[in-house]
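Below is one structure, written out as structure tokens; the observations come after it.
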Amino acid sequence: MATSPTPAAERENYLNTEYGIRSWLLTTDHKRIALLYLLLITFFFFIGGFFALLIRLELLTPAGDLVQADTYNKLFTMHGQVMVFFFLIPAIPAVLGNFLIPIMIGAKDLAFPRINLFSWYLLVIGGLLMMYTILTGGADTGWTFYPPFSTAFAKSQVVTAALAIFVAGFSSILTGLNFIVTIHRMRAPGMTWSRLPLFVWANYATSIIQVLGTPVLAITLMLVALDRLFAFGIFDPQRGGDPLLFQHLFWFYSHPAVYIMILPGMGVVSEVVSCFSRKRIFGYKFMALALIAIAVLGFLVWAHHMFVAGISLYAALVFSLLSYLVAVPSAIKVFNWTATMYKGSISYATPMLYAFGFIGLFTMGGLTGLFLAALGVDVHVTDTYFVIAHFHYIMVGGMVMAYIGGLHFWWPKISGRMYPEAWGKLAALIIFVGFNLTFFPQFVLGYLGMPRRYWQYSPEFQVLNVLSTAGATILAVGYVLPMVYFLWSMRYGKVADENPWGAAGLEWMTASPPPTFNFDETPVVTWEAYDYANLKEVPVEP
Amino acid sequence: MFQTFPLWPERASTTAGGVDALFIFLLTLCGLMAIMIFIMILVFAAKYRRSRGREAEQIEGSNALELTWSGVPLVIFMGIFVWGAAIYFKERTPPQDSAEIYTVAKQWMWKFQHMEGQREINELHVPIGRDVKMIMTSQDVIHSFYVPAFRIKQDVLPGRYTVAWFRATKAGRYHLFCAEYCGTSHSGMIGDVVVMQPAQYEQWLSGGPAAPLAQTGKQLFLSLGCSTCHRFDVQGRGPNLMNAYNRPVLLDDGRTITADENYLRESILTPAVKVVSGFKPIMPIFQGIISEEQLNALVAYIKSLNQSPEGTAGTRNTPTGSPTGQPQMMQVQ
């Protein structure tokens with residue numbers, strides 16, 4: 001196949017301005033750093049995915065026969081830790097956010113470009129520690145590190161795993177800090193708060209959580225390490241400590257962390273739905289407010305992970321009530337996306353298919369959250385596969401769909417090339433089908449009572465587990481496809497012009513790929529966000 | 001087919017029906033909500049598909065709609081909250097006269113001590129129609145007592161008692177799972193709850209040679225030397241434990257607390273933490289000296305010393321008999 005003419009021949013951009021490994025490893029260009037993150041987290045996504053596949057293969061039969069019990073325990077631990085801390089949390093903010101936020105607000109770069117590069121190196125160091133942990137046997141505490149198992153009983157690499165996450169956490173804190181300062185101080189003239197794309201609002205809300213929540217995780221993990229190495233006894237009842245204290249501290253971060261993972265995805269979907277409906281997002285102000293409301297309320301619901309843990313009856317009532325409050329802004333978002341499509345001009349390009357998938361699967365994940373917040377039901381389904389299915393609908397069905405959809409949407413901007421549309425649609429379909437087949441049976445398994453983290457299980461659960469494993473293999477194919485054709489498109493894809501979707505937003509008003517400082521001259525914004533009324537109509541999709 | 005591929009768990013306790021009712025309500029409600037949203041998306045996607053000559057109609061939004069779709073869900077959510085809370089409240093409040101079973105969880109087994117003295121591992125026999133209160137602790141890490149057919153689950157923690165209760169309604173053998181990850185053989189920390197007809201259960205009870213738990217506790221109370229200070233006749237150097245259980249206690253730091261199971265437990269293991277007002281912290285520490293099972297026996301014995309007629313949860317289990325119901329559960333053998 002003939003190589004398409006390179007867009008780089010025409011003008012200098014951030015990709016062709018300098019070559020060589022040094023120009024990448026020492027770059028302070030937010031767009032290049034975004035690509036460094038992309039490489040890093042894609043690597044960890046496939047590591048974590050590999051563990052997931054082994055888990056699903058083990059669960060094909062009721063007996064523990066593929067791997068040993070300890071190995072299985074390490075597989076789900078490493079799967080969780082890698083996916084949460086080295087893929088989901090950095091994914092949209094550190095890749096798409098890094099690339100897009102400065103461009104979307106009309107800035108040349110983030111406020112602290114060198115801190116931005118430092119954040120990436122912190123994630124690399126954390127990642128190396130995580131790889132060291134994995135290669136020296138791994139940890140087997142579950143990603144949740146519950147003591148006293150993690151502090152006094154586990155015979156695995158608990159401290160290095162905790163250290164890996166501790167270091168990665170600082171990457172997250174610094175990225176959040178960078179975004180907050182950038183969004184406050186670096187907006188182009190005329191880019192008021194009420195004109196910010198919702199993707200920027202979403203990352204702003206996310207950054208607040210990263211900055212306020214992550215230090216608590218760091219403290220907690222440090223206490224676990226001190227307990228384990230020096231028997232401080234903070235969480236050890238034998239020494240007057242309290243294991244429930246750990247759970248409070250851990251979930252104080254780790255529940256908001258769920259919103260770190262999903263809010264940026266909501267931002268992506270807002271951009272995509274608006275673009276492919278060619279409409280201003282319905283209820284812009286409520287959408288922005290809902291993001292902030294989720295970020296704030298998200299800090300007040302942590303103990304809903306602990307309804308059977310031994311907290312007081314009245315504490316449980318309060319946390320159940322607050323959990324229902326945080327469901328309201330999530331509902332607002334789903335309704336507004338749907339309303340945005342009303343009387344739109346809708347095309348079914350690949351990013352839009354992912355947005356459809358996101359809305360559907362996030363709705364399922366959100367609605368099953370109502371089950372879990374209901375105290376009486378939670379007692380039965382907590383710590384079962386119902387919970388596994390619920391949070392995978394949010395994390396994988398929601399967040400990963402949004403991330404991959406976002407990659408497709410902004411790929412022409414990032415690479416200057418189009419991905420192959422037909423393959424894109426096929427992969428989206430495969431992922432949607434594979435995902436549902438993997439995780440829907442787990443809702444049923446959970447209500448039947450199959451506990452999570454079980455290496456072997458009772459034979460009556462087998463049929464549903466086989467369905468789930470079959471789904472996981474389909475899902476795996478769906479995830480490999482985009483990686484292949486994205487790589488392919490970098491050389492052979494159709495050259496993209498600056499605005500292939502006819503989308504609103506400053507990022508579509510500069511070249512694809514953008515020049516190093518994003519704009520030749522600082523834009524002056526005189527229009528509202530999602531100004532589709534005044535954009536020329538794009539051709540009908542073939 | 002459905003033998004090997006069930007789609008609904010068995011219902012074998014008084015709690016299960018209520019949980020299922022709310023679950024089915026939520027399935028219906030959320031199913032309708034999801035279908036409504038999916039249909040809207042599909043209809044919009046089809047009806048407003050991009051076509052030549054038609055442009056999108058720009059709509060800013062609608063405050064009325066926003067308030068509706070925040071307000072209506074909020075009201076519905078509050079309803080679900082109250083319903084869920086009502087079930088939970090009942091689940092967390094054991095009836096006053098429940099039969100008590102002490103449970104010690106450890107890596108990776110369940111140990112049960114019946115008041116009548118029977119001890120079991122990974123198998124729990126209970127009768128139909130009787131409120132059973134599980135008083136549970138762990139010897140090592142956190143475990144969780146989970147019986148899907150009863151729809152109950154409660155984490156079991158080291159260093160304290162947690163409580164769960166149920167009333168079985170259907171004879172049979174049901175899964176008992178550990179639901180909190182606890183290490184290598186977590187998935188092997190399973191057992192059976194055997195629910196029996198009351199008559200069969202009596203038969204099962206009479207099968208063992210064991211002494212009642214409170215009596216075992218009494219022997220420990222004597223052999224460990226507790227009785228030298230905790231005297232019942234004259235004021236000893238420790239508080240008189242007669243009728244002490246579930247009563248308010250004034251501590252030497254001025255606080256008043258209830259002498260519940262967790263307080264008794266703590267005061268045996270680490271007596272100096274909460275000393276009763278007027279006494280000196282002279283009692284030796286028993287942490288690491290006695291086993292969890294011995295501790296349970298001691299607690300059961302101290303609870304059996306409550307003989308007052310107004311009655312507390314301990315009354316039903318006094319070795320000297322009880323004024324109400326099923327005396328065979330309380331008999332001294």
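The values are calculated or read from the model by the stated rules, or taken from the named source; none is laboratory data. Note that the structure is a prediction, hence the values are computed from the model and not measured. No Cβ is skipped: glycine too gets one built from the backbone with ideal geometry, and neighbour counts run over all protein chains shown. These accessible areas exclude ligands, DNA and RNA; they are computed on the full protein's heavy atoms, side chains included. Shrake-Rupley method; radii C 1.70, N 1.55, O 1.52, S 1.80 Å.
Looking only at the range A:198-242, how many residues end up being within 14 Å of chain B (Cβ to nearest Cβ), farther than 22 Å from A:A161 by Cβ, in a helix (DSSP H, G or I) and open to solvent by 20 Å² or more (accessible area, probe 1.4 Å)?
First, pick out the residues of the range A:198-242 that are within 14 Å of chain B (Cβ to nearest Cβ): A:198, A:224, A:227-228, A:233-242.
Then keep just the ones that are farther than 22 Å from A:A161 by Cβ; that gives A:198, A:237-240, A:242.
Those still in the list that are in a helix (DSSP H, G or I) too: A:198, A:237-239.
Going one step further and asking which of them are open to solvent by 20 Å² or more (accessible area, probe 1.4 Å), we end up with A:237-239.
Residues flagged as within 14 Å of chain B (Cβ to nearest Cβ), farther than 22 Å from A:A161 by Cβ, in a helix (DSSP H, G or I) and open to solvent by 20 Å² or more (accessible area, probe 1.4 Å) within the range A:198-242 amount to 3.
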Worksheet entry | Tally of residues being open to solvent by 20 Å² or more (accessible area, probe 1.4 Å) and in contact with a strand residue (DSSP E or B) (Cβ under 8 Å, 6 or more places away or on another chain) across the range B:264-277 | 3
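For B:K111, are the conditions met, namely being in a strand (DSSP E or B), open to solvent by 10 Å² or more (accessible area, probe 1.4 Å) and of a type outside the set (G, A, S)? Before you say what the answer is, go through the steps one by one.
Working: in a strand (DSSP E or B): yes; open to solvent by 10 Å² or more (accessible area, probe 1.4 Å): yes; of a type outside the set (G, A, S): yes.
Answer is yes for this residue.
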Discussion item. Considering only the range B:163-177, I want to know if a residue exists there that is under 19 Å from B:A16 (Cα atoms), among the polar types (S, T, N, Q) and open to solvent by 30 Å² or more (accessible area, probe 1.4 Å).
Written reply: yes
Item to complete: Return the only residue of A:A327, A:A309 being surrounded by fewer than 24 Cβ atoms within 10 Å (Cβ to Cβ) and under 22 Å from B:L157 (Cα atoms).
Response: A:A309
Item to complete: Among the residues of the range A:304-344, count how many are more than 7 Å from every other protein chain (Cβ to nearest Cβ) and either free of Cβ contacts under 8 Å to residues at least 24 places away in the same chain or farther than 30 Å from B:S51 by Cα (or both).
Response: 16
Discussion item. Considering only the range B:97-104, I want to know if a residue exists there that is open to solvent by 10 Å² or more (accessible area, probe 1.4 Å) and in contact (Cβ under 8 Å) with a residue 40 or more places away in the chain.
Written reply: yes
Worksheet item: Which residue out of B:F145, B:F150, B:F112 is in contact with a strand residue (DSSP E or B) (Cβ under 8 Å, 6 or more places away or on another chain), among the aromatic types (F, W, Y), facing chain A (nearest Cβ under 10 Å) and closer than 24 Å to B:Y301 by Cβ?
Response: B:F145
Practice prompt. Those residues that are open to solvent by less than 10 Å² (accessible area, probe 1.4 Å), within 29 Å of A:Q247 (Cα to Cα) and part of a strand (DSSP E or B), I need them from the range B:121-151; list them, please.
Written response: B:V132, B:M134, B:I135, B:M136, B:T137, B:S138, B:H143, B:S144, B:F145, B:Y146, B:V147
Practice prompt. Test A:V444 against the stated conditions and say whether it is open to solvent by 10 Å² or more (accessible area, probe 1.4 Å) and in contact with a Leu (Cβ under 6 Å, 6 or more places away or on another chain).
Written response: yes
Worksheet item: Does the range B:1-55 hold any residues that are surrounded by 15 or more Cβ atoms within 10 Å (Cβ to Cβ) and on the phi > 0 side of the Ramachandran plot, and which are they?
Response: none
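I'd like the residue in the range A:354-382 that is in contact with a Ser or Thr (Cβ under 6 Å, 6 or more places away or on another chain) and in contact (Cβ under 8 Å) with a residue 60 or more places away in the chain and, out of all such residues, is nearest to the other protein chains (Cβ to nearest Cβ).
A:L375
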Response to the item:
Within the range B:153-177, the residues that are of a type in the set (F, W, Y) and at the interface with chain A (Cβ under 9 Å from one of its Cβ atoms) are B:F177
Worksheet item: List pairs: first in the range B:49-67 and assigned to a helix (DSSP H, G or I), second among the aliphatic types (A, V, I, L, M), Cβ under 9 Å, 6+ apart or cross-chain?
Response: B:L65/A:A339; B:E66/A:I332
Item to complete: State which residue is nearest to the other protein chains (Cβ to nearest Cβ) when the search covers only the range A:56-68 and only residues that are crowded, with 18+ Cβ neighbours inside 10 Å and in contact with a Phe, Trp or Tyr (Cβ under 6 Å, 6 or more places away or on another chain).
Response: A:G64
Practice prompt. Would you mind stating whether B:F221 is buried (at least 16 other Cβ atoms within 10 Å of the Cβ) and either under 28 Å from B:K133 (Cα atoms) or in the same structural domain as B:D131 (by TED's automatic domain parsing) (or both)?
Written response: yes
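Hey, does the range A:456-464 have a residue that's among the β-branched types (V, I, T) and farther than 30 Å from B:E60 by Cβ? Before you say what the answer is, go through the steps one by one.
Start the filter on the range A:456-464 by keeping residues that are among the β-branched types (V, I, T), which leaves A:463.
From the residues that got through so far, the ones that are farther than 30 Å from B:E60 by Cβ too are A:463.
Yes: one or more hits.
Would a scan of the range B:118-133 turn up a residue that is away from chain A (no Cβ under 13 Å) and under 10 Å from the mean Cα position of the chain (by Cα)? Show your work before the answer.
Just the residues of the range B:118-133 that are away from chain A (no Cβ under 13 Å), to begin with: B:118-133.
Restricting the remaining residues to those that are under 10 Å from the mean Cα position of the chain (by Cα) gives B:132-133.
Yes; the residues of the range B:118-133 include at least one that is away from chain A (no Cβ under 13 Å) and under 10 Å from the mean Cα position of the chain (by Cα).
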Item to complete: Would you please name the residue that is modelled with the lowest pLDDT, looking only at residues in the range B:9-58 that are more than 8 Å from every other protein chain (Cβ to nearest Cβ) and more than 30 Å from B:F89 (Cα to Cα)?
Response: B:G53
Worksheet item: Which one is nearest to A:A202 (Cα to Cα), of the residues in the range A:364-402 that are among the hydroxyl-bearing types (S, T, Y) and open to solvent by less than 10 Å² (accessible area, probe 1.4 Å)?
Response: A:Y393
Worksheet, complete the sentence: Checked B:I282, B:I257, B:I302, B:I289 against criteria (outside the structural domain of B:Q139 (by TED's automatic domain parsing), surrounded by fewer than 17 Cβ atoms within 10 Å (Cβ to Cβ), β-branched (V, I, T) and touching a residue at least 40 places away in the same chain (Cβ under 8 Å)); the one match is B:I282
Item to complete: For the range A:345-353, state whether one or more residues are more than 10 Å from chain B (Cβ to nearest Cβ), open to solvent by less than 10 Å² (accessible area, probe 1.4 Å) and under 22 Å from A:A288 (Cβ atoms).
Response: yes
Discussion item. Quick test of your reading of the structure: A:L481 fulfils all but one of (1) within 10 Å of chain B (Cβ to nearest Cβ); (2) surrounded by fewer than 22 Cβ atoms within 10 Å (Cβ to Cβ); (3) modelled with pLDDT of 95 or more. Name the failing condition by number.
Written reply: (1)
Item to complete: Please indicate, with yes or no, whether at least one residue in the range A:243-251 is buried (at least 24 other Cβ atoms within 10 Å of the Cβ) and within 30 Å of B:Q58 (Cβ to Cβ).
Response: no
Worksheet item: Can you tell me which residues in the range A:145-189 are part of a loop (DSSP other than H, G, I, E, B) and either modelled with pLDDT of 95 or more or not small (G, A, S) (or both)?
Response: A:F145, A:Y146, A:P147, A:P148, A:K155, A:Q157, A:M186, A:R187, A:A188, A:P189
